[in-house]
1. Counting only residues that are in contact with a helix residue (DSSP H, G or I) (Cβ under 9 Å, 6 or more places away or on another chain) and part of a helix (DSSP H, G or I), how many does the stretch 120-150 have?
2. For the stretch 53-62, state whether one or more residues are buried (at least 21 other Cβ atoms within 10 Å of the Cβ) and under 23 Å from Gly166 (Cβ atoms).
3. Suppose we keep only residues that are closer than 18 Å to Pro41 by Cβ and among the polar types (S, T, N, Q) within the stretch 139-189. Which one would you say is farthest from the chain's Cα centre (by Cα)?
4. Within the stretch 171-189, restricting attention to residues that are part of a helix (DSSP H, G or I) and at pLDDT below 90, which residue is farthest from Arg116 (Cα to Cα)?
5. Confirm whether Arg157 is among the basic types (Lys, Arg) and within 19 Å of Pro96 (Cα to Cα).
6. Can you tell me which residues in the stretch 151-170 are aliphatic (A, V, I, L, M) and in a loop (DSSP other than H, G, I, E, B)?
7. Would you please list the contacts, defined by Cβ atoms under 9 Å and residues six or more apart or on different chains, that run from a residue in the stretch 16-37 that is on the phi > 0 side of the Ramachandran plot to a residue that is among the small types (Gly, Ala, Ser) and at pLDDT 90 or above?
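The values are calculated or read from the model by the stated rules, or taken from the named source; none is laboratory data. Treat the numbers as computed from the prediction; the structure is a model and nothing was measured. Using ideal geometry, Cβ is built from the backbone for each residue, glycine included, and neighbour counts are taken over all protein chains shown.
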Amino acid sequence: MVRYSAPMRSRQTFPPLGPSPWLVSDARNDTVLEHSLRRLPRGSGLIFRHAHLAPAQRARRFRALKALCRRHGHAIILAGTPREARRLGADGAYGPAHRLAPHGQTLRLITAHSLRELAAANRARADLILLSPAFPTRSHPGAPALGPLRFHLLAARAAAPVIALGGMNPRTARRLAPYGWAAIDGLSR
């Protein structure tokens, strides 16, 4: 169960387990983000990374996509600190546990790639945990994937709802039900 304070619960527009699917942005899918966001079901989410942009450009791009997300009923999460997320009006922050210690009322999506990182996400009281790579992915060619069995074994140890990332698309998402999912290429069309 996601742990929100009363003010945070009143601001949330997405289901208690978080949106699914999540579209994750990067340089590869930047040119199709608007189109992809329009096609996502209402109540989905965008994790805005865009580390390839200079800070001012990144902020402008975030604000433009945030407006589109609001029109289509999507959550928008900023890869960065909770302070940065609040400054840009994001619904939350995304990143590793050591950067997202509990901080005010900011929703925190914490990444985990191993049992050690999952334990860190649990200690940090993540609101959602993005567990990856579930399957082989272009983002990390040749990196070992968890696969369904290891994914389920790790996810069972999570203290927060789990979102699968890495090689995800509607077909692979069905293999990991009941968990939510996120993708870069799998949702970028």
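1. Counting residues in the stretch 120-150 that are in contact with a helix residue (DSSP H, G or I) (Cβ under 9 Å, 6 or more places away or on another chain) and part of a helix (DSSP H, G or I) gives 5.
2. Step one: of the stretch 53-62, the residues buried (at least 21 other Cβ atoms within 10 Å of the Cβ) are 62.
Narrowing further to those that are under 23 Å from Gly166 (Cβ atoms): none.
No, the stretch 53-62 has no match at all.
3. Out of the qualifying residues, it is Thr172.
4. It comes out as Leu187.
5. Considered against the rule, which asks whether it is among the basic types (Lys, Arg) and within 19 Å of Pro96 (Cα to Cα), Arg157 comes out as yes.
6. Kept after step one, since they are aliphatic (A, V, I, L, M), are these residues of the stretch 151-170: 153-156, 158-160, 162-165, 168.
Once the filter is applied, which keeps residues that are aliphatic (A, V, I, L, M) and in a loop (DSSP other than H, G, I, E, B), the stretch 151-170 yields Ala156, Ala158, Ala159, Ala160, Met168.
7. Between residues of the stretch 16-37 that are on the phi > 0 side of the Ramachandran plot and residues that are among the small types (Gly, Ala, Ser) and at pLDDT 90 or above, the close pairs are Gly18/Gly45; Gly18/Ala75; Gly18/Gly180.
Yes/no matrix, rows are residues, columns are (1) in contact (Cβ under 8 Å) with a residue 12 or more places away in the chain; (2) out of contact with any Gly (no Cβ under 9 Å at 6 or more places or on another chain); (3) of a type in the set (S, T, N, Q); (4) surrounded by fewer than 17 Cβ atoms within 10 Å (Cβ to Cβ):
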| residue | (1), (2), (3), (4) |
| --- | --- |
| Ile129 | yes, yes, no, no |
| Pro133 | yes, no, no, no |
| Leu146 | yes, no, no, no |
| Arg150 | no, yes, no, yes |
| Ala155 | yes, yes, no, no |
| Ala158 | yes, yes, no, no |
| Ile163 | yes, no, no, no |
| Asn169 | yes, no, yes, yes |
| Arg174 | no, yes, no, yes |
